[in-house]
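Engineer: One structure, pasted below without further comment.
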Amino acid sequence: MRHFLIVFSLLFCASCVSAEPQVVLNGERFVVELATTPKQQALGLMFRDSLPDDRGMLFIFPSATTRSFWMKNTRIPLDIFYFDEDLKLVSVAENVRPCRTQQCPTYPSAGPARYVLELNAGKAAELGTQKGDELVLDLE
């Protein structure tokens with residue numbers, strides 16, 4: 001029994017240390033990959049064939065400005081959420097489809113955004129998101 005408790009304690013502590021970055025939007029938690037460098041931001045979720053339902057990508061920019069995303073080389077439909085410096089929802093591009101042509105449309109934010117969250121298409125409707133909703137960050 002003592003060995004079991006030691007192993008359990010080690011596993012419990014190891015899971016605390018290796019926590020992945022997460023966000024909470026309208027009460028739902030998502031594990032996110034962070035895109036903080038220009039190279040990571042340019043690649044985004046390109047060339048991926050799937051995205052688990054509880055996962056996403058969070059783009060963090062140094063300042064807020066009008067942002068515009070596109071879907072070139074992105075294989076899965078997404079919802080793109082734009083948040084301002086105060087983590088308030090500015091706008092959402094819903095059910096954005098993959099682009100398989102040379103000229104891909106862009107999806108701009110409705111106002112200045114510093115954070116952009118990409119989740120599977122349909123999440124905005126499922127969560128009932130509205131302008132002003134707050135994104136909660138748990139990045140440690």
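Engineer: Filtering the range 105-140 down to residues that are closer than 15 Å to SER91 by Cβ and of a type in the set (Val, Ile, Thr), which residue is surrounded by the fewest Cβ atoms within 10 Å (Cβ to Cβ)?
Structural biologist: Per the stated criteria, the residue is THR106.
Engineer: Could we say that SER91 is assigned to a strand (DSSP E or B), among the small types (Gly, Ala, Ser) and in contact (Cβ under 8 Å) with a residue 12 or more places away in the chain here?
Structural biologist: Here the answer is yes, as SER91 does meet what is asked.
Engineer: Sticking with this structure for a sec: Can you tell me which residues in the range 82-104 are within 20 Å of VAL136 (Cα to Cα), open to solvent by 40 Å² or more (accessible area, probe 1.4 Å) and not charged (D, E, K, R)?
Structural biologist: VAL92, the sole residue that qualifies.
Engineer: On the basis of being more than 22 Å from GLN40 (Cβ to Cβ) and outside any loop (DSSP other than H, G, I, E, B), does ALA113 make the cut?
Structural biologist: Criteria not met by ALA113.
Engineer: Quick one: in the range 99-130, which of the residues that are of a type in the set (Lys, Arg) and over 15 Å from GLU85 (Cβ atoms) is modelled with the lowest pLDDT?
Structural biologist: Once the filter is applied, the top-ranked residue is ARG100.
The values are calculated or read from the model by the stated rules, or taken from the named source; none is laboratory data. As the structure is a prediction and not an experimental result, all values here were calculated from the model. Methodologically, a virtual Cβ is constructed for each residue, glycine included, from the backbone with ideal geometry; neighbour enumeration extends over all protein chains shown. Ligands, DNA and RNA are excluded from the accessible area calculation, which covers all protein heavy atoms including side chains. Shrake-Rupley method; radii C 1.70, N 1.55, O 1.52, S 1.80 Å.
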